[in-house]
Amino acid sequence: MTGQAPTPVQMERQRQRARRYTRPGFLIQLALLACLVAGPMLMPSFRVMDLVAKIMIFAVAVASFDIILGYTGIISFAHGMFFGLGAYSVALICHYSQPVQYHHLLLAGLLAALISAVVAVVISALSLRVKAIFFAMVTLAVAEFCHILGYQWSSLTKGEDGVSFKLPGVFNADWSGGSLWGTQINGRLLVYYLILVVAVLLFVGLVRFVRSPVGRVLKAIRDNEQRATALGYRVFRYRVLSTVFGSLVSSLCGALFAMWLSYVNPDTVLGTPLMLNILLMVIIGGLGTVYGGILGAAFIKIAETWLPDLQKLALSLWPKVEFMQRLAERWILLFGILYILSVLFFPKGVVGTLRDRAEVRRLRRLGRP
Amino acid sequence: MDVLNLAHGAFFAWGAYAGFAVLNALNGLGWVETGTLGQGILSVLLALLAALAIGGVLGLFLERVIIQRVYGDHLKQILITMGASMVLAEVIKVLWSPNNQTVLVPLSFTGSYDVMDVVINKFRVVAIVVGLAVYAGVMAVMQKTKLGIIIRAGVENREVVQTLGYNINRIFTGVFMAGAALAAVGGSMWGIFREQITPAMGDENLIFALIVVIIGGMGSVTGSFLGACMVGLAFNYVAYLVPKLALGANILIMVIILLIKPWGLMGREQ
């Protein structure tokens, strides 16, 4: 301590630090984590576990997309492609190495990170120099190319049929280790916990990244590029950094996704529907919030699991009208309309809007001492 | 117009489906697969007109309802036109079906001419004629008429044109409609040429359009023309040698151009 009296800003920071373990936000996080850990024990249903695992993976993927779109203001249509690169590196390494061992998984993760980092550096170094808009177009083209490559390079990727593979040792779906407190311990459950651990680590990493000095610079660039340049920040480098970081996390998510399904094919991990899903999730959750990813992913994935019921409903309500059934089949249409409406009228998404309200309330409280 | 429209591919697909629907309806009258030359020409003309109308209406709707709210914000333009393209493609799947459809081609346009041992597909000739006519028409309007001057000035500086008393919003709506209508006509020509259409055909062609624009440079028709020639030739030659790498060759060209001239061949630095 220097002996000087703390400034008001320092005092406010200290107060916030002292409160950090009793904040409602922290308690919600803790409760969510507890639910995720205890979930498979409390609800031993495969459908629920499958849903939760997918939500976790997509929450991180969407949050990493938010780093690029929401915090840096760049549109990348290659986020799904990076997801697919990660998924394919796990799938191919596990498929072609006999017998598959634990270090292969580690190797696959490293390979996914390396490939996606190199590709992201090349793409962004080429197209971010000019204008952020070029980046959108170049990524769209490259992503489509990778999708086609996934189909055509069938000697490696087995084309349309996709690659199915087995995970090593205890992660293998056939492995069984008895039961604990009435819950079957098997390979699926252990993969679930692996996903949980990695996803939480990645998510914490993303949150730390956003709150770091680099994250602040990114926000500054997004809000006023000229000013950030004038302050001496190398805008181009920061943009490349954020794109590479986001893409790398996305590829790791893809690797987790492949491990969960033990199967990949070009349409599910490289295609446009995946990219559109991620876009939808990030818009609904809220741009520039990171936590929005959880809500967006949960909303879309839960809706997706319920939509078959919607089709049955349509079938029972209008058994004769083929048009209504086709409409119910095309649920992406509903999502698309929701997406357009939220871009137009609700640009901050659920989390952003809630945060704005909280901020207004806080300022009002400060205004009335 | 400084609008990034990723829904252009959807207009293309809608045009193809409109043409397909008209040809199917006319086939009920016996005009298409069995008709005379006059009936064949008339049915193709009607199909193109239907595509033109559908494209115009969709363009009007999209511009008025959605795009006018996001002028000047590129990020939102990309996001929202992506959404619009998704919705339009889904509506196609609702109205027709998600599967491929076979387009009926009028009898008089099938087959090919044989000019000194060179086989020329009949419809290719039609496509080239229509394409040149559209290009000449657009160039004439843009270069020779007062409307063209207003549009070019409006692209350069919106506010000044507005202060001179022209309703630039209405004019830009018209330009957008014209663009959408032409994309739809192109789609319907493509459908008749390929004899097969899918709901995803818009996106497939959008990729080429993007590569062409990036290579040629934004805001330059001549640049786009050069880019289109390069992309088309490279695609065909590479497809002949190594079929699987055809799109890859185009992306490679794009990368090289971006390295040498980051603004595209004819683009101006902004």
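The values are calculated or read from the model by the stated rules, or taken from the named source; none is laboratory data. As the structure is a prediction and not an experimental result, all values here were calculated from the model. FYI the Cβ positions are ideal-geometry reconstructions off the backbone, even for glycines, and counts take in every protein chain you see.
Being among the aliphatic types (A, V, I, L, M) and assigned by TED's automatic domain parsing to the domain that holds B:LEU259 is a description that applies to B:VAL213. The condition of being in a helix (DSSP H, G or I), of a type in the set (A, V, I, L, M, F, W, C), touching a Phe, Trp or Tyr at 6+ places or on another chain (Cβ under 8 Å) and under 30 Å from A:LEU194 (Cα atoms) holds for A:PHE245. Report yes if B:ALA127 is modelled with pLDDT of 85 or more and in a helix (DSSP H, G or I), otherwise no. Spelling it out, it is not the case that B:ALA127 is modelled with pLDDT of 85 or more and in a helix (DSSP H, G or I).
Is it the case, given these coordinates, that A:GLY271 is within 14 Å of chain B (Cβ to nearest Cβ), buried (at least 24 other Cβ atoms within 10 Å of the Cβ) and modelled with pLDDT under 85? Full working, then the answer.
On the way: within 14 Å of chain B (Cβ to nearest Cβ): yes; buried (at least 24 other Cβ atoms within 10 Å of the Cβ): no; modelled with pLDDT under 85: yes.
So A:GLY271 does not fit the description; no.
With respect to the conditions (1) out of contact with any helix residue (DSSP H, G or I) (no Cβ under 6 Å at 6 or more places or on another chain); (2) small (Gly, Ala, Ser); (3) buried (at least 19 other Cβ atoms within 10 Å of the Cβ), A:ALA61 falls short on a single one, namely (1). Take the residues in segment A:283-303 that are within 12 Å of the chain's Cα centre (by Cα) and under 16 Å from A:ASP356 (Cβ atoms); name whichever of them is surrounded by the fewest Cβ atoms within 10 Å (Cβ to Cβ). Filtering first and then ranking leaves A:LEU295.
The residue pairs whose first member lies in segment B:28-44 and is among the aromatic types (Phe, Trp, Tyr), whose second member is buried (at least 19 other Cβ atoms within 10 Å of the Cβ) and modelled with pLDDT of 70 or more, and whose beta carbons are closer than 6 Å, counting only pairs six or more residues apart or on different chains, are B:TRP31/B:SER43.
For B:SER43, state whether it is among the hydroxyl-bearing types (Ser, Thr, Tyr) and either farther than 25 Å from B:GLU195 by Cβ or within 14 Å of chain A (Cβ to nearest Cβ) (or both). Lay out the reasoning, then the answer.
On the way: among the hydroxyl-bearing types (Ser, Thr, Tyr): yes; either farther than 25 Å from B:GLU195 by Cβ or within 14 Å of chain A (Cβ to nearest Cβ) (or both): no.
In short, no.
The criterion of at least 2 residues that are more than 10 Å from every other protein chain (Cβ to nearest Cβ) and surrounded by fewer than 18 Cβ atoms within 10 Å (Cβ to Cβ) is met by the following helices (runs of 4 or more DSSP H) wholly inside segment A:86-172: A:102-127, A:154-157. Answer yes or no as to whether B:VAL212 is more than 11 Å from every other protein chain (Cβ to nearest Cβ), modelled with pLDDT of 80 or more and assigned to a helix (DSSP H, G or I). It is false that B:VAL212 is more than 11 Å from every other protein chain (Cβ to nearest Cβ), modelled with pLDDT of 80 or more and assigned to a helix (DSSP H, G or I). Of the residues A:VAL197, A:VAL191, A:VAL207, which is free of Cβ contacts under 8 Å to residues at least 40 places away in the same chain and either assigned to a helix (DSSP H, G or I) or within 30 Å of A:GLU160 (Cα to Cα) (or both)? On inspection, the qualifying residue turns out to be A:VAL197.
Yes or no, residue by residue, for (1) at pLDDT below 75; (2) more than 20 Å from the chain's Cα centre (by Cα):
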residue	(1), (2)
A:GLN16	no, yes
A:TYR21	yes, yes
A:PRO24	yes, yes
A:ILE28	no, no
A:LEU32	no, no
A:LEU36	no, no
A:PRO44	yes, yes
A:LEU51	no, no
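Only one entry of B:MET230, B:MET189 meets the criterion of being away from chain A (no Cβ under 12 Å), free of Cβ contacts under 8 Å to residues at least 40 places away in the same chain and not aromatic (Phe, Trp, Tyr), and that entry is B:MET230.
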